[in-house]
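What follows is calculated from the coordinates using simple rules that are stated; it is not laboratory data. Predicted model only: the values in this text are computed from it and were never measured. Virtual Cβ from ideal backbone geometry, glycine too; neighbours counted across all protein chains shown.
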Amino acid sequence: MVKEALKAKKMHVKKGDQVVVIAGKDVGKKSKVLSCLPKEGKVLVDKVNIASHHEKPTKASPQGGVVKKEAAIDASNVMLYCRKCDKGVRVKNEVLGDGTKVRKCAKCGENFDK
């Protein structure tokens, strides 16, 4: 069986965006996107989906042990947070007159790309 190459999916969020979690154990949390993983269709969100990882002792951390850090969650489980609407909203992509693309709130029209 031949494995298909992983294709990068189009992401509706970017690094640094303020998002709200809409599914999973951390529902309702508002936080910032740390990084996007488009090939897997996942995002790392600050202080969301905390998992325990066992680390071997190294020179940097001679003790080693159990470390808690963020794990990736599916991008479909987060929505962009609109400050004007004060909730998670859908995104509308628009092309301006000079040809630049911007993301806007579908409800109120607030610009996310400044």
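Quick notes on this structure:
- Residue list for region 53-72, filter: surrounded by fewer than 10 Cβ atoms within 10 Å (Cβ to Cβ) and of a type in the set (V, I, T): T58, V66
- The number of residues in region 58-111 being in contact with a Phe, Trp or Tyr (Cβ under 8 Å, 6 or more places away or on another chain) and either at positive phi or of a type in the set (G, A, S) (or both) comes to 1.
- Test: residue in region 73-81 that is surrounded by 13 or more Cβ atoms within 10 Å (Cβ to Cβ) and assigned to a loop (DSSP other than H, G, I, E, B): no
- Look at region 71-93: where a residue is over 15 Å from D113 (Cα atoms) and a partner is charged (D, E, K, R) and outside any loop (DSSP other than H, G, I, E, B), sitting 6+ places away or on another chain with Cβ atoms under 8 Å, you get A72/K42; I73/K42; D74/K42; A75/K42.
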